[in-house]
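First the structure, in the form of structure tokens, and then the observations on it.
The values are calculated or read from the model by the stated rules, or taken from the named source; none is laboratory data. None of the values given here were measured: they were computed from a predicted structure. Quick reminder, even Gly has a Cβ in these numbers, built from the backbone with ideal geometry, and neighbours come from all protein chains shown.
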Amino acid sequence: MKNALTPLCFAAGLSLLAGAALAQGRPATADPGKREFDANCASCHGTSGKGDGPLVPFLTRSPPDLTQLAKRNGGVLPMSRLYDVIDGAEVPAHGSRDMPVWGRDYRVKDAEYFMEAPYNAEAHVRARILGLLEYINRIQAK
């Protein structure tokens, strides 16, 4: 019995070592919220979220400092309001809006990507926006 367990223990040990070696060569875990921010928000809000992105000189209004949102709201990040602003579903059809309607943009890009494949468009958009909000929550000034 002892001889039968030795090869199994050896194989398990090799598996653990191989897994550890592979893990060291891998990049850090994915951060979908940061990826979403970098792709869609940083050009105006800056990579730090402070409103100093490279497109600021071309905007009619300066983008807000996203790191101060909770501080300006009594220490609580206004998640529902931010969700509505990002999604843009509640924006009137006519009128001004300085920030792009990202919810619509996400829906269009997702439809182009998934084409006829079955997927839940609203759940996918919600996941992208919630990931972005989670990242914005992490960059709040203390």
Exercise. If you go through the stretch 93-110 one residue at a time, do you hit one that is touching a Phe, Trp or Tyr at 6+ places or on another chain (Cβ under 8 Å) and either of a type in the set (A, V, I, L, M, F, W, C) or not in a helix (DSSP H, G or I) (or both)?
Worked result: no
For this session: Sort out which residues of the stretch 112-142 are touching a residue at least 12 places away in the same chain (Cβ under 8 Å) and among the aromatic types (Phe, Trp, Tyr), and write them in order of number.
Result: 135
For this session: Could you tell me which residue of the stretch 111-142 is surrounded by the most Cβ atoms within 10 Å (Cβ to Cβ), considering only residues that are modelled with pLDDT of 85 or more and among the basic types (Lys, Arg)?
Result: 128
For this session: Go through the residues of the stretch 36-52 one by one and say whether even a single one is farther than 21 Å from residue 131 by Cα, at pLDDT 95 or above and either more than 17 Å from the chain's Cα centre (by Cα) or in a loop (DSSP other than H, G, I, E, B) (or both).
Result: yes
Problem set entry | Search result, residues across the stretch 58-71 that are at pLDDT below 95 and over 17 Å from residue 37 (Cα atoms) | 58, 59, 60, 61, 62
For this session: Return only the number of the condition from (1) surrounded by 15 or more Cβ atoms within 10 Å (Cβ to Cβ); (2) outside any loop (DSSP other than H, G, I, E, B) that residue 80 does not satisfy.
Result: (1)
